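One structure below.
The values are calculated or read from the model by the stated rules, or taken from the named source; none is laboratory data. Predicted model, so just to flag it, every value in this text is computed and none were measured. Neighbour counts are summed over all protein chains in view; Cβ atoms, including those assigned to glycine, are modelled from backbone coordinates with ideal geometry.
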Amino acid sequence: MKHSTPDGKRPTMQPFLINHRSGLTRDLIEALFPMFEKASAGAIAVDQASRITWINASYAALLGIKDPDSVIGQPIQPVIPHTRMPEVVATGNPLLLDIMEHETQQLVVTRLPFFDDQGEVIGAVAFVLYDDLQPLTPLVSKYRRLHQDLAAARKALARHARGTRYSLGDFVGASPAALEVKRQARLAAGRDMPVLLLGETGTGKEVLAQAIHSISGRADRPFVGVNVAAVPENLLEAEFFGVAPGAYTGADRRTRDGKFQLANGGTLFLDEVGDMPLTLQAKLLRALQEGEIEPLGSNKVQQVDVRVIAATSRNLEAMMAEGSFRSDLYYRLNVLEIPIPPLRDRLQDLGILCEAILEAVCEGLDLRGEITDAAVAALSTYDWPGNIRELRNVLERALTMGEDLGILDADAIFKVLPRSGSRSVSSLAPRQVRLLSQTMAAAEAQAIEDALITCRGNRTRAAKMLGISRSVFYEKLAKMSG
Ligand SMILES: Nc1ncnc2c1ncn2[C@@H]1O[C@H](COP(=O)(O)OP(=O)(O)OP(=O)(O)O)[C@@H](O)[C@H]1O
Ligand SMILES: [Mg+2]
């Protein structure tokens, strides 16, 4: 193996191609090598001790080496710090494609070992295929896109599997009040203790409950929600604790799991906990205190391990005072209390909330979903008793009424903002005509919102006022929340 020519001149090509197994291989290699060397942005060879035996002019120039001869015979590592040639020499395995950092450059390189007649590694050669990643940009960006899609799909799948669709990023807001809520949510996620979410209707209690679960240690376990107000009173106990076989005469012979069993190991979200009848409150307290439950019609207790997140829009302290909520249960649930501010107390979040909501609403539609500053200012004249749910409805209505491909200006907002003093619908303005189904859906949403606001978020009363059952009410509300 010649390291350099005796006369001290730059070595010529193929200084290492001395031993060949056959003439054919030699011919092939000798034909290929100059092509490779010419097409590449640089080439270098080392011996079995990883000392440089040869370097071509273009690689020397790329590395900023003025005199290529000065590096011949030197170990490669100090010259090219991130080289992996020693690895190729040691293992005899080629590294066909690699990206190597060199100072500020990223080089795409290929490294091949070469062998003597006995099959021993006697050195290696490396080619720099590209001295910048430009030619690979389309490939790299395609790869990145695929990677992002994959990550998004995995995330969605994981959320679906554990029953949540919101994470903390879905609680939109940058106001001090919103940031404080997120801080507390993170705190709650890190501790395995009961959490009580307090907030008016539509402030994001459900969003937050799911978000806490999804960043907690129980994230890969189930998240099970139960809306206490939506379940008929006589079915609540079975819904919570399950039913033993044959509990009712003529009943199902099989065991039916309750929400506690389904949530075992994970999180149980008790929504509208203020609507829980007193008898069930006592049973819930026991389940929380003892970590055990008794299915309906069974005399055996079952151990359960659930983290409870409860939420209500009602004033539990007032309810305790009037005796409709047990204080021992209240203190059990209220280990960590997170008050969620109403939208009117964080109007500076209106802008980013609108952006986030419009983006979500317009996804997949041929609408731009933009809002002008004047329109945001118009929104801030309103009191938002229905909070973010109501904001979403207002924006959706403005979009369906609007003509301009989904760009909302102040006028579009004033047209749909409910009963506010600032409302300015001119009776002379041309009437908007929409599909009857849209008009009816909007009227229904408005009626539900009005009822909720009048009843301060008490769904049972709201449903009664509207003359519909609670389950129908919930169905409609869920549709409105999207
Ligand atoms: N901070 C927020 N950022 C973005 N969207 C939000 C936020 N809070 C709530 N929303 C949206 O508002 C709607 C209502 O939210 P959610 O169901 O969590 O409210 P809630 O407090 O549980 O209301 P309710 O007491 O009426 O059940 C949902 O569409 C949700 O996506
Ligand atoms: Mg809710």
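A few points about this structure:
- Filter result (in a strand (DSSP E or B) and surrounded by fewer than 18 Cβ atoms within 10 Å (Cβ to Cβ)) within the stretch 65-98: Pro75, Leu96, Leu97, Asp98
- Ala126 being surrounded by fewer than 11 Cβ atoms within 10 Å (Cβ to Cβ) and more than 19 Å from Ile212 (Cα to Cα): no
- Counted residues, the stretch 464-482 - those being aliphatic (A, V, I, L, M), touching a residue at least 12 places away in the same chain (Cβ under 8 Å) and farther than 24 Å from Tyr166 by Cα: 2
- Filtered by the rule that a residue be more than 25 Å from Ala287 (Cβ to Cβ), among the hydroxyl-bearing types (Ser, Thr, Tyr) and either assigned by TED's automatic domain parsing to the domain that holds Glu449 or within 14 Å of the chain's Cα centre (by Cα) (or both), the stretch 161-220 gives Tyr166, Ser167.
- Asp170 fulfils the conditions (1) touching a helix residue (DSSP H, G or I) at 6+ places or on another chain (Cβ under 7 Å); (2) modelled with pLDDT under 90; (3) charged (D, E, K, R) except for a single criterion, (2).
- Subset of the stretch 173-204 that is in contact (Cβ under 8 Å) with a residue 12 or more places away in the chain, assigned to a helix (DSSP H, G or I) and farther than 16 Å from Leu353 by Cβ - its residue that is nearest to ligand 1 (Cβ to nearest atom): Ala185
- Ser216 in contact with a helix residue (DSSP H, G or I) (Cβ under 8 Å, 6 or more places away or on another chain) and crowded, with 20+ Cβ neighbours inside 10 Å: yes
- Test: residue in the stretch 210-231 that is in a loop (DSSP other than H, G, I, E, B), among the small types (Gly, Ala, Ser) and touching a Lys or Arg at 6+ places or on another chain (Cβ under 6 Å): no
- Odd one out for Gln261, checked against (1) crowded, with 19+ Cβ neighbours inside 10 Å; (2) in a helix (DSSP H, G or I): (1)
- Residues of the stretch 279-322 satisfying the condition of being over 18 Å from Ala229 (Cα atoms) and part of a loop (DSSP other than H, G, I, E, B): Gly291, Glu294, Pro295, Gly297, Ser298, Asn299, Lys300, Val301, Val304, Asp305, Val306, Glu322
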